[in-house]
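To start, the structure under review is shown below, and the notes come after it.
The values are calculated or read from the model by the stated rules, or taken from the named source; none is laboratory data. Since the model is a prediction, treat every value here as computed from it, not as a measurement. FYI the Cβ positions are ideal-geometry reconstructions off the backbone, even for glycines, and counts take in every protein chain you see. Areas reflect the complete protein model, heavy atoms only, side chains present, ligands, DNA and RNA absent. Shrake-Rupley method; radii C 1.70, N 1.55, O 1.52, S 1.80 Å.
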Amino acid sequence: ERGGYAHFMLKEIMEQPDVWGDCLLGRTEGDRVVVEELGLTETQLEQVRRIQVVAAGTAYHAGLIGKALIERLARIPVDVAVASEFRYQDPVLQRGTLVMAVSQSGETADTLACINLARQQGMPTYALVNTVGSTIARESDAVVYTHAGPEIAVASTKAYTTQILVLTLLALALADVHGRPRPDLVRSLLTLPKMGADILAEMEHIEDMASRLSTNRDVFYIGRGLDYALAMEGQLKIKEIAYIHAEAYAAGELKHGTLALIEDGTPIVAIVTEDSVAEKSISNILEVKARGAEVWAIVDDRLKTRVPVDHLIPIRVPNALLAPALAALPLQMLAYWTAVKCGQDVDQPRNLAKSVTVE
Ligand code: M6R
């Protein structure tokens, strides 16, 4: 049932190009997003003034990508909250806010509690989930599915990238309805399955890079903008399955304290796909290199000659806004192979459950 793969996680990583195809299927027409496919009407989209995302773990990280995309493309403000915090913070919800749960299982207790809280306050609720008919899907006013198929490995991979794709569709639909159409991005979105397959076909070198990473006990993940949101997901993945302590940092924030920890051999995973801030990220990489850091870097192919690192993972991306799902692939692979090299139980990490249905 693992389809010849050693672990469900590897199978689920490799499935992503196909699953992305399923997720996007029928959801665009020409160079527009089919709004009804998102479970909302055009009028509902027009009425959205603000979005409050509630989620946990990887789904929270997908929410952060969604925030950047929706804000930049549609100019609609988005707040993203960790569900276990949101539910107890007496949140302020104003009219015109759509409360959106992001969840693979659709059963996460804290995320469900946030949806119930929003409903009690009369707010419209929207679920972005993978599991059809799950509790969060049923309890929300509207639902959109990721169509990733069953995800067995505890570490989320294909659910995360399909959440990113659906959030991208939502951002493009909102942008369109709010007078900022991006037909170019709608067309490019459809090329992601093929581009993802190409990236996965060139991943042999990652195993050696992971061997080297696996000898460390602590690692930093750095990036700016979308790359920072990706760094947060990258660090969670390596903690979760390789049991290596990891921290994500906004690259520009290092100087405000954490740079003191960088010394000879400190491992850093850097992500550089956001062209608008690439120069800034590159200078942050130079700063850590100057202090002796060993750097693994996932970079937009066009920037690869500019990034002087120890372990380079170049990826081709059509546009910085569409890079996250693609850049997630080497991050997942790096975590996977590091966990394998550390000899850990990749699919069933200690202390964790696939679905957190109790607090
Ligand atoms: O089912 P959900 O998406 O609501 O689950 C949320 C988190 O528990 C989940 O993403 C968790 O962080 C993953 N194990 C990370 O790989």
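Structure above, values below:
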{"read-out": "Boolean, Pro150 is outside any helix (DSSP H, G or I), within 14 Å of the ligand (Cβ to nearest atom) and either in contact with a strand residue (DSSP E or B) (Cβ under 8 Å, 6 or more places away or on another chain) or open to solvent by 30 Å² or more (accessible area, probe 1.4 Å) (or both)", "value": "yes"}
{"read-out": "Which listed residue is within 16 Å of the ligand (Cβ to nearest atom) and either surrounded by fewer than 21 Cβ atoms within 10 Å (Cβ to Cβ) or free of Cβ contacts under 8 Å to residues at least 24 places away in the same chain (or both), from Tyr243, Tyr221", "value": "Tyr243"}
{"read-out": "Test for Thr28: is it more than 18 Å from the chain's Cα centre (by Cα), hydroxyl-bearing (Ser, Thr, Tyr) and open to solvent by 60 Å² or more (accessible area, probe 1.4 Å)", "value": "no"}
{"read-out": "Members of segment 189-218 found to be farther than 15 Å from Val295 by Cβ, touching a residue at least 12 places away in the same chain (Cβ under 8 Å) and either of a type in the set (S, T, N, Q) or outside any helix (DSSP H, G or I) (or both), listed by number", "value": "Leu190, Thr191, Met203, Ser211, Ser214, Arg217"}
{"read-out": "Conditions (1) surrounded by 14 or more Cβ atoms within 10 Å (Cβ to Cβ); (2) away from the ligand (no atom under 16 Å from the Cβ); (3) within 17 Å of Leu326 (Cα to Cα); number of the one not met by Glu204", "value": "(1)"}
{"read-out": "Residue count for segment 312-359, restricted to those that are within 17 Å of Tyr221 (Cα to Cα), touching a residue at least 24 places away in the same chain (Cβ under 8 Å) and touching an Asp or Glu at 6+ places or on another chain (Cβ under 6 Å)", "value": "1"}
{"read-out": "Answer from Leu128, Leu170, Leu165 - the residue that is outside any loop (DSSP other than H, G, I, E, B) and in contact with a Phe, Trp or Tyr (Cβ under 7 Å, 6 or more places away or on another chain)", "value": "Leu165"}
{"read-out": "Residue list for segment 79-121, filter: open to solvent by 10 Å² or more (accessible area, probe 1.4 Å) and in contact with a helix residue (DSSP H, G or I) (Cβ under 6 Å, 6 or more places away or on another chain)", "value": "Val80, Val82, Ser84, Phe86, Arg87, Gln104, Glu107, Asp110, Leu112"}
{"read-out": "All positions within segment 250-266 that are in contact with a Ser or Thr (Cβ under 9 Å, 6 or more places away or on another chain) and buried (at least 18 other Cβ atoms within 10 Å of the Cβ)", "value": "Ala251"}
{"read-out": "Of the criteria (1) of a type outside the set (Asp, Glu); (2) out of contact with any strand residue (DSSP E or B) (no Cβ under 9 Å at 6 or more places or on another chain); (3) closer than 22 Å to Thr357 by Cβ, which one Tyr126 fails", "value": "(2)"}
{"read-out": "Evaluation of Gln94 against (1) over 20 Å from Gly39 (Cα atoms); (2) away from the ligand (no atom under 16 Å from the Cβ); (3) touching a strand residue (DSSP E or B) at 6+ places or on another chain (Cβ under 6 Å) (one fails), failing number", "value": "(3)"}
{"read-out": "Odd one out for Ile76, checked against (1) buried (at least 24 other Cβ atoms within 10 Å of the Cβ); (2) within 19 Å of Glu46 (Cβ to Cβ)", "value": "(1)"}
{"read-out": "Selected residue [under 30 Å from Val356 (Cα atoms), more than 16 Å from the ligand (Cβ to nearest atom) and not charged (D, E, K, R)] from Leu69, Leu64, Leu45, Leu73", "value": "Leu69"}
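Residues checked against (1) within 19 Å of Thr41 (Cβ to Cβ); (2) over 22 Å from the mean Cα position of the chain (by Cα); (3) more than 14 Å from the ligand (Cβ to nearest atom); (4) at pLDDT below 95:
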| site | (1), (2), (3), (4) |
| --- | --- |
| Pro124 | yes, yes, yes, no |
| Glu139 | no, yes, no, no |
| Ala155 | no, no, no, no |
| Leu172 | yes, no, yes, no |
| Leu189 | no, no, yes, no |
